[in-house]
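Written below as structure tokens is the structure these notes are about.
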Amino acid sequence: MDAVSTKSRKKGSSLFSIFMHADTTDMILMTLGFLGSLGDGFGIPLLMLLTSKIMNTVGGGSTSDPHTLSHNINKNVINIIYFATGSLVACFLGLVYGRILMLLVGKTRHEYDKAGNIVEQAISSIRTVYSFVGESKTMNEFSVVLQRCLKYGLKQGLVKGVAIGGYGITFAIWALPAWYGSRLVMYHDGKEGTVFAVGTLMNIGGM
């Protein structure tokens, strides 16, 4: 019996157990969201890969055969068309997913509003009676809460100011791979497209 219960627990804790309460609409939404997230995740790395190839092709055009240069440029253009088509499909899937999700959220919020109105009507008489006997207490509590909101607002402004000032660090981080990458290209025969793509992806991944 212990073996049967252990087997049941393992079966219930599998990956597919998260779909036990999902209906057809949930499965469709999860599929669209998964495909859209794949397209969005692969978008920037593929774009950097194509950009590096184009920059390497154009940068080496002065020392290569004109026919070879033309062939490589045409191939890169075709790759960009494929990339644009895939991005369009991924964006369309994400748009469909977002519209359906917003529609379901709107319906859910509408039902919650109905429930809230019922509760508010039920306790409206209690609020009326309490407002006559607890006016001074309510004012004091309200003043205390406002003072706390003021303190948090000051702290929030300080944090925002530090965050905005931190953009200078971002510019310095971008300047470092630009300087080092230029030295690789000028003195170590580095490919400008590859250096650009690696530096950009490092910065994006770090942020």
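Segment TRP174..VAL145, full-extension length gain: 6.1 nm, with 0.36 nm per residue of separation and the alpha-carbon distance subtracted. Under the simplified labelling scheme, the SER37-ALA22 pair shows an inter-label distance of 1.0 nm, with each label point 7 Å from Cα along Cα→Cβ. Here segment 189-205 is scanned for amide nitrogen atoms under 16 Å from the site 7 Å beyond the Cα of ALA163 along Cα-to-Cβ, giving none. Each of SER143, SER70, SER52 was scored by other Cβ atoms within 10 Å of its Cβ. Listed from fewest to most, they are SER143, SER70, SER52.
Our summary gives segment 23-133 a relative contact order of 41 percent, counting only alpha carbon pairs under 8 angstrom and 6 or more residues apart. Amide hydrogen proximity for GLY190: with H placed 1.01 Å from N in the peptide plane, the residues at 5 or more positions away or on another chain lying under 5 Å are VAL185.
Laboratory data are not the source of any read-out in this text; all were calculated from the coordinates shown. As the structure is a computational prediction, the values presented were derived from the model and not from experiment. Here Cβ is always computed from backbone atoms with ideal geometry, including for glycine, and neighbour counts include all displayed protein chains.
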